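First the structure, in the form of structure tokens, and then the observations on it.
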Amino acid sequence: YYYAVYPYRTSNKLSNQGVFTVVLPSEQSYKANSFGIGSNTMVAVSDGEFIAFKNVCGYLSISLWGDDVSVTKVTLQGKNGEKIAGKASVSMPFGGLPSATMDGTATESITIECSPALKIGSSESEPTTFWFAIPPVTFSKGITMTIEDDKGGVFTKSASAKIEIKRNKVDKMGTLHVMPSYATVTFTDSNFETYCLENFDDNEDGKITSDEASAVKSIDVCTDNIASLDGVEAFTNLES
């Protein structure tokens with residue numbers, strides 16, 4: 001048989017038993033509506049008739065929008081220490097499908113790099129989508145996304161639902177409104193704003209930043225005569 005792997009890297013190896021050793025990239029590049037060039041590892045085993053490459057990874061897409069936000073990095077990490085990048089062994093029988101096993105030295109995060117910074121969509125109806133190429137894995141306790149922008153702002157969003165990444169399949173997550181750490185939360189109801197300022201304005205500057213909002217785990221406004229909860233979307237880590 002003939003063995004092949006894409007993309008070419010000097011670290012690629014093949015054992016006498018026909019097992020590939022590859023490095024699945026922890027840093028991937030942005031590409032519109034797809035995974036970045038060099039992010040998607042493929043292997044092939046051929047008898048010489050033709051070479052049919054098979055994808056090693058599955059894919060997770062996330063859509064982001066924000067008000068004048070230019071993203072430099074989007075980082076994905078499981079909440080239970082799942083290994084998703086770095087050295088891996090890939091087995092593929094002739095006529096079969098590849099199976100990847102992550103090495104003990106593998107790492108737990110993947111970052112999509114945007115160079116230059118990428119201005120994301122300005123509305124929920126026209127977001128910008130990022131694709132991660134990830135080896136098959138089950139994020140048993142969910143994931144955490146960290147978005148960084150060109151002004152030094154950071155936005156973090158966690159999801160607790162189990163996510164299973166399957167080889168050659170795309171898992172599409174919902175759309176996130178990115179509010180960097182320095183962004184100010186806008187309220188339409190003065191009673192809700194007063195409640196938040198009294199309870200969550202840590203530096204007492206008369207406003208709630210995205211950073212302050214994301215630190216809040218619980219809100220209780222049952223008796224505060226509030227007609228609108230506009231602004232609550234900034235409290236991205238609420239549990240109750």
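The values are calculated or read from the model by the stated rules, or taken from the named source; none is laboratory data. No experiment lies behind these values; they were computed from the predicted model shown. Here the Cβ is made from the backbone with ideal geometry for all residues, glycine too, and neighbour counts use every protein chain on show. Areas reflect the complete protein model, heavy atoms only, side chains present, ligands, DNA and RNA absent. Shrake-Rupley method; radii C 1.70, N 1.55, O 1.52, S 1.80 Å.
Descriptive notes on the structure:
- When the residues of segment 198-216 are filtered to those that are touching a Phe, Trp or Tyr at 6+ places or on another chain (Cβ under 9 Å) and either assigned to a helix (DSSP H, G or I) or of a type outside the set (A, V, I, L, M) (or both), the one that is surrounded by the fewest Cβ atoms within 10 Å (Cβ to Cβ) is 200.
- Screening residue 43 with (1) aliphatic (A, V, I, L, M); (2) under 26 Å from residue 118 (Cβ atoms); (3) touching a strand residue (DSSP E or B) at 6+ places or on another chain (Cβ under 6 Å) gives one miss only, at (2).
- Residue list for segment 106-153, restricted to those being free of Cβ contacts under 8 Å to residues at least 40 places away in the same chain and part of a strand (DSSP E or B): 116
- Checking segment 177-190 against the condition returns a match, with at least one residue being touching a strand residue (DSSP E or B) at 6+ places or on another chain (Cβ under 9 Å) and either among the small types (Gly, Ala, Ser) or over 30 Å from residue 129 (Cα atoms) (or both).
- When each of 163, 120, 112, 147 is tested for being hydrophobic (A, V, I, L, M, F, W, C) and surrounded by fewer than 21 Cβ atoms within 10 Å (Cβ to Cβ), the lone residue that passes is 163.
- The listed residue being more than 17 Å from residue 132 (Cβ to Cβ) and hydroxyl-bearing (Ser, Thr, Tyr), out of 26, 46: 46
- Boolean, residue 59 is open to solvent by less than 20 Å² (accessible area, probe 1.4 Å), under 28 Å from residue 164 (Cβ atoms) and modelled with pLDDT of 95 or more: yes
- Residue list for segment 166-196, filter: touching a helix residue (DSSP H, G or I) at 6+ places or on another chain (Cβ under 9 Å), assigned to a loop (DSSP other than H, G, I, E, B) and open to solvent by 50 Å² or more (accessible area, probe 1.4 Å): 182, 186
- Taken over segment 6-41, the criterion of being free of Cβ contacts under 8 Å to residues at least 40 places away in the same chain, in a strand (DSSP E or B) and among the aliphatic types (A, V, I, L, M) is satisfied by 14 alone.
- Total residues in segment 9-44, condition closer than 15 Å to residue 103 by Cβ, hydroxyl-bearing (Ser, Thr, Tyr) and surrounded by 15 or more Cβ atoms within 10 Å (Cβ to Cβ): 3
- Here is the figure for segment 42-60: residues that are without any contact (Cβ under 8 Å) to a residue 12 or more places away in the chain and among the small types (Gly, Ala, Ser) total 1.
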